[in-house]
Ligand code: ATP
């Protein structure tokens, strides 16, 4: 199902949580709402779900306004970060819940419910835990139950609010991929909220970057990464280095980064700052270089290096393959020269 949020505004006692937000989700799409804490992601999701009402604007599913349709009847499955499972119910009953509370003429038979629950538990790969209570499950298992429960009602739209936020890195990765596959196999339209840019970039078809109740940019992961619409998006997506610029006769002048390598696109002329991502900087040892290595850590194959540059408030972060660092003989205290990779300056 396609979803449109049109000019949504939401005010909580004078605090504007959403400022005229519009977005369209295509049928079958997996969309990520990405942004820092307090940017309005959850509020937007809750409005789409029907758990919250906008002060202005409209929500449409398949082109029809659903503002007057209550949450239960919107056909929306919802999963929260904190698996709100019923503690006194087994896994089976938790998953069956949405089916058993249906009005009589819609309620499946007991046998059909049992069949459906087993199918769902198989889908989320926890069939053997059917008789357990939530307290007897790990975090990842509980989240799978929550997913199975949301899917039980055969939602036309699946909404997930930081569904994997509370899980450890390995389980999170596994469930992320599972969600991606589920989306591909079922063709269900899904929107998930996250503040983890890696999560959004890895599995979403498109990413909506939000900040302070507004949408900063919407696009495919590679699009927003390669062409960030503004400094906020650029910094939020990849811990970019902000380098203040000075200009002389229409020419950029700054000692921190070798400027020959920077193509001064017309859009950059006169800019107060440029942004360069840590892995888009080349570093060589050079006694005449303007930088000095201050900190160095090697995480697996990647070396993260902080380079102090006179005139810059913050050190420039550089990422490079660890073996190149060793080969170049770069260590703490070494003088270095930095070059920005052509075209990768924002
Ligand atoms: P997080 O990642 O921390 O969950 P978020 O991007 O999902 O953040 P929201 O939960 O949508 O942000 O909140 C947006 C803003 O609206 C926040 O400043 C929050 O304090 C405020 N807010 C949300 N719900 C309410 C409420 N019921 N009453 C008052 N203010 C609220």
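The values are calculated or read from the model by the stated rules, or taken from the named source; none is laboratory data. Note that this is a predicted model, so its numbers are computed, not measured. Please note: Cβ atoms are built from the backbone with ideal geometry, for glycine as well, and neighbour counts cover all protein chains shown.
Checking residue 81 against (1) within 16 Å of the ligand (Cβ to nearest atom); (2) at pLDDT 90 or above; (3) surrounded by 13 or more Cβ atoms within 10 Å (Cβ to Cβ); (4) on the phi < 0 side of the Ramachandran plot, only one condition comes out false. Which one? Status for residue 81: all satisfied but (2). Each residue in region 179-215 was checked for being away from the ligand (no atom under 16 Å from the Cβ) and at positive phi, and 1 of them qualify.
Give me the residue from region 187-204 that is in contact with a strand residue (DSSP E or B) (Cβ under 9 Å, 6 or more places away or on another chain) and more than 23 Å from residue 277 (Cβ to Cβ) and, out of that set, surrounded by the fewest Cβ atoms within 10 Å (Cβ to Cβ). Give the derivation first.
Just the residues of region 187-204 that are in contact with a strand residue (DSSP E or B) (Cβ under 9 Å, 6 or more places away or on another chain), to begin with: 188-197, 199-201, 203-204.
Those still in the list that are more than 23 Å from residue 277 (Cβ to Cβ) too: 188-193.
On the way: 188: 20, 189: 24, 190: 25, 191: 26, 192: 26, 193: 27.
Among them, the one singled out is 188.
Taking every residue in region 42-63 that is farther than 12 Å from residue 159 by Cβ and pairing it with any residue that is within 12 Å of the ligand (Cβ to nearest atom) and in a loop (DSSP other than H, G, I, E, B), at least 6 positions away or on another chain, the pairs with Cβ-Cβ distances below 7 Å are 43/52.
Mind listing just one residue for me: the one in region 155-178 that is in contact with a strand residue (DSSP E or B) (Cβ under 9 Å, 6 or more places away or on another chain) and away from the ligand (no atom under 13 Å from the Cβ) and, of those, farthest from residue 71 (Cα to Cα)? So that I can check it myself, show each step before the final result.
First pass over region 155-178, keeping only residues in contact with a strand residue (DSSP E or B) (Cβ under 9 Å, 6 or more places away or on another chain): 155-165.
Filter once more, keeping what is away from the ligand (no atom under 13 Å from the Cβ): 155-158, 164.
Values: 155: 12, 156: 13, 157: 12, 158: 12, 164: 23 Å.
That would be 164.
Residue 70: modelled with pLDDT of 85 or more, within 19 Å of residue 159 (Cβ to Cβ), touching a helix residue (DSSP H, G or I) at 6+ places or on another chain (Cβ under 9 Å) and in the same structural domain as residue 161 (by TED's automatic domain parsing), yes or no? Lay out the reasoning, then the answer.
Details: modelled with pLDDT of 85 or more: yes; within 19 Å of residue 159 (Cβ to Cβ): yes; touching a helix residue (DSSP H, G or I) at 6+ places or on another chain (Cβ under 9 Å): no; in the same structural domain as residue 161 (by TED's automatic domain parsing): yes.
Judged against the criteria, residue 70 is not a match.
Counting residues in region 14-35 that are more than 16 Å from the ligand (Cβ to nearest atom) and either in a helix (DSSP H, G or I) or free of Cβ contacts under 8 Å to residues at least 24 places away in the same chain (or both) gives one or more.
For the condition surrounded by 15 or more Cβ atoms within 10 Å (Cβ to Cβ), within 14 Å of the chain's Cα centre (by Cα) and either at pLDDT below 90 or not assigned by TED's automatic domain parsing to the domain that holds residue 277 (or both), what is the one hit in 243, 224, 156? So that I can check it myself, show each step before the final result.
Details: 243 fails: within 14 Å of the chain's Cα centre (by Cα); 156 fails: within 14 Å of the chain's Cα centre (by Cα).
Testing whether each residue is surrounded by 15 or more Cβ atoms within 10 Å (Cβ to Cβ), within 14 Å of the chain's Cα centre (by Cα) and either at pLDDT below 90 or not assigned by TED's automatic domain parsing to the domain that holds residue 277 (or both) leaves just 224.
Out of 165, 213, 140, which single residue is under 27 Å from residue 47 (Cβ atoms) and over 12 Å from the mean Cα position of the chain (by Cα)? Reasoning before the result, please.
Values: 165 fails: over 12 Å from the mean Cα position of the chain (by Cα); 140 fails: under 27 Å from residue 47 (Cβ atoms).
Sole residue among the options that is under 27 Å from residue 47 (Cβ atoms) and over 12 Å from the mean Cα position of the chain (by Cα): 213.
If you scan region 45-73, which residues turn out to be more than 16 Å from the ligand (Cβ to nearest atom) and either buried (at least 18 other Cβ atoms within 10 Å of the Cβ) or assigned to a loop (DSSP other than H, G, I, E, B) (or both)? Passing the criteria: 61, 62, 63, 66, 67, 68, 69, 70.
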